[in-house]
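Worksheet: one structure, shown below.
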Amino acid sequence: MRISVIGCGYLGAVHAASMAQLGHDVIGIDVDATKVHALRAGRAPFYEPGLPELLKDSGATGRLSFSTDMADASGSDVHFICVGTPQVHGEFRADLTYVNAAIAALRPHLRPGDVVAGKSTVPVGTAEAIAESLEGTGAVLVWNPEFLREGFAVKDTLHPDRLVYGVPTDDEGVPTAEGARAKEVLDEVYATPLSEHTPLVVTDYATAQLVKVAANSFLATKISFINAMAELCEATGADVTRLADAIGYDARIGRRFLNAGLGFGGGCLPKDIRAFMARAGELGVSDALSFLREVDSINMRRRVRMVDLAREVCDGSIVGKRIAVLGAAFKPDSDDVRDSPALSVAAQMQLQGAHVTVTDPQAVANAEAKWPDLHFAETALEAAKDADVVLLATEWAEYREVEPDALAEVVAHKRILDGRNVLEPAVWRAAGWTYRALGRP
Ligand code: UGA
């Protein structure tokens, strides 16, 4: 099929390359000429494992191209909307500027029968408004949320754990003839994953939009639940990692996403739960999501607690202390520093008078652009030189495997803060380190 992908960020670039890999003819469109140039040259504009290889493979087939000109979307059968929906500055709600601009720019190039597939995370009600704005073009809108995780984006796109289509429905919730036809078009787009028995949920617009924010809210709640337990563990001398293991054996609970530590960040979970609360307020059902306010507070408290813990191990003051922070990205295998807990803690400690040196295998450039006042180093050992405290803030494999003895040779004081509960306390203590973590004795 001929496919256009509008917006080539973390979501769109991976989607475009993956669709070409699945055998489609794809044009990726973005207003950012630098990004388009990089993608055209087969270079990923951000760090995502597997993406450079995928761009190279798909590029070699001649089925993948990129453009800044929306006119190049004309002639495509399906147009995926993959632009960002950031949080409005100073408010909770989502900024729909980019979605609306993309639709307005695409509209003149649509032909009757084209399918517009919305992938951006939007407040419920947006799809209905977009469908209305497309009236007269003969194009049909499907809401097709995306569930990819950064760091696993290629795998999640080529082998998703489910597909959701929100199609136009009648008053009884049954897909209209137009909706049924649009479903067939998307079935063709996703023929390969569907042939691998990927579960498919076909539903109405509202449900499809809600699925996405409900899923992210659940994940955020799960993380904040275990971080709340970490607070209890801290008050009682219990160990949150053992607690998570033990409750995780109950299949109804499950161990995944029960890793306590610095909490969630990134371009999705934090802003999605806030936008969801804002939308619930507009719909007059804010009570239904008031728990998300607590989820958000628990999450932000972890960052404050980590700064306090640094103070504690430094005998009451971090002023003038040298602190090495291992990790700047919001999670490993990503260079994304949006709302990164690691960077937020590093910046707080620097603002409170510490001399903070941050390192990250991929995210230093992005971190430096955001917090130029921090100090940066290439490697963990370089960052830890003469450090009074070392904080593991993002659990990159290379930081999990750091040798206590190797680190001991460069630091001024053997104090380690494990912000992600991934180190073996006994090993570090046996090597003479003061080991502290969130929710662990
Ligand atoms: C998240 C969802 O997991 C995806 O399903 C969704 O598609 C995506 O948002 C999106 O809306 O686009 P992502 O932001 O890539 O994906 O990252 P996650 O793997 O969900 O991690 C989010 C944050 O939670 C990270 O800061 C991570 O360190 C933290 N986390 C995760 C924990 O603190 N504990 C855990 O047990 C798991």
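The values are calculated or read from the model by the stated rules, or taken from the named source; none is laboratory data. All values reported here derive from a predicted model rather than from experimental measurement. No Cβ is skipped: glycine too gets one built from the backbone with ideal geometry, and neighbour counts run over all protein chains shown. Calculation scope for accessible area: heavy atoms of the full protein, side chains included, ligands and nucleic acids excluded. Shrake-Rupley method; radii C 1.70, N 1.55, O 1.52, S 1.80 Å.
Observations on the structure shown:
- Simple rule: put +1 on each Lys or Arg Cβ and -1 on each Asp or Glu Cβ in the stretch 12-145, find the dipole, and look at I29, G113, F80; the Cα lying farthest toward the positive end is I29.
- Within the chain, the whole DSSP H helices whose Cα atoms reach 30 Å or more along their own axis and whose mean Kyte-Doolittle score is at least -1.0 are 205-236, 290-313.
- Rounded percent of accessible protein surface that carbon and sulfur make up, the stretch 2-203, 1.4 Å probe: 53
- Gap separating the Cα centres of the stretch 318-353 and the stretch 147-208, nearest whole Å: 38
- Within the chain, antiparallel bridges make up roughly 10 percent of the DSSP beta bridges whose residues both belong there.
- Net lengthening on full extension, V410/E382 (0.36 nm per residue, minus Cα-Cα): 9.3 nm
- Within the stretch 300-441, DSSP assigns beta bridges of which about 5% are antiparallel (rounded to the nearest 5).
- Straight-distance candidates among the lysines for linking to K56, with alpha-carbon spacing under 17 Å and chain neighbours fewer than 8 residues away dropped: K35, K155.
- Rolling a 1.4 Å probe over the protein heavy atoms gives the chain an accessible area of 42 Å² per residue.
- Size descriptor, Kirkwood hydrodynamic radius, that averages inverse alpha-carbon separations across the stretch 54-156, Å: 15.2
- Taking the Cα centre of the chain as origin and assigning +1 to Lys and Arg Cβ atoms and -1 to Asp and Glu Cβ atoms, the resulting dipole is close to 800 debye.
- D245 paired with A214, simple spin-label distance in nm, labels 7 Å along Cα-to-beta-carbon: 3.5
- Solvent-accessible area, 1.4 Å probe, carbon plus sulfur percent, for the stretch 204-441: 54
- Accessible area of S76 in the full protein assembly, 1.4 Å probe (Å², nearest 10): 10
- Using a Förster distance of 45 Å, the FRET efficiency for E312-R107 (Cβ separation, nearest 0.05): 0.20
- Coupling constants for the stretch 149-162 follow from the phi torsions by the Karplus curve (6.51 cos²θ - 1.76 cosθ + 1.60, θ = phi - 60°), and in residue order they are 9, 4, x, 10, 4, 5, 4, 5, 7, 6, 10, x, 7, 6 Hz; glycine and proline get x.
- For the stretch 395-401, 3J(HN,Hα) per residue [Karplus equation, 6.51 cos²θ - 1.76 cosθ + 1.60, θ = phi - 60°, Hz, x = Gly/Pro]: 7, 4, 3, 5, 7, 5, 9
- Number of Lys pairs (Cα under 15 Å; 8 or more positions apart or on different chains) in the stretch 204-441: 4
- Note that the stretch 366-372 has calculated 3J(HN,Hα) couplings of 5, 5, 5, 5, 7, 10, x Hz, one per residue in order, obtained from phi through the Karplus relation 6.51 cos²θ - 1.76 cosθ + 1.60 (θ = phi - 60°); glycine and proline are x.
- Label-point gap, in nm, between R293 and D161 - each point 7 angstrom along Cα→Cβ: 3.0
- Note on surface exposure: E188, E368, E150, E378 rank E378, E188, E368, E150 by accessible area, highest first, 1.4 Å probe.
- Rounded to the nearest 10 Å², the accessible area of I3 at probe 1.4 Å: 0
- Charged side chains reduced to their Cβ positions (Lys and Arg at +1, Asp and Glu at -1) give the stretch 204-441 a dipole of some 580 debye around its Cα centre.
- Residues whose amide H lies under 5 Å from that of Y165, counting only those 5 or more places away or on a different chain, are V201, V202, T203; hydrogens are built 1.01 Å from N in the peptide plane.
- Segment V427..T61, full-extension length gain: 126.7 nm, with 0.36 nm per residue of separation and the alpha-carbon distance subtracted.
- DSSP-defined beta bridges in the stretch 2-203 - what % are antiparallel, rounded to 5: 10
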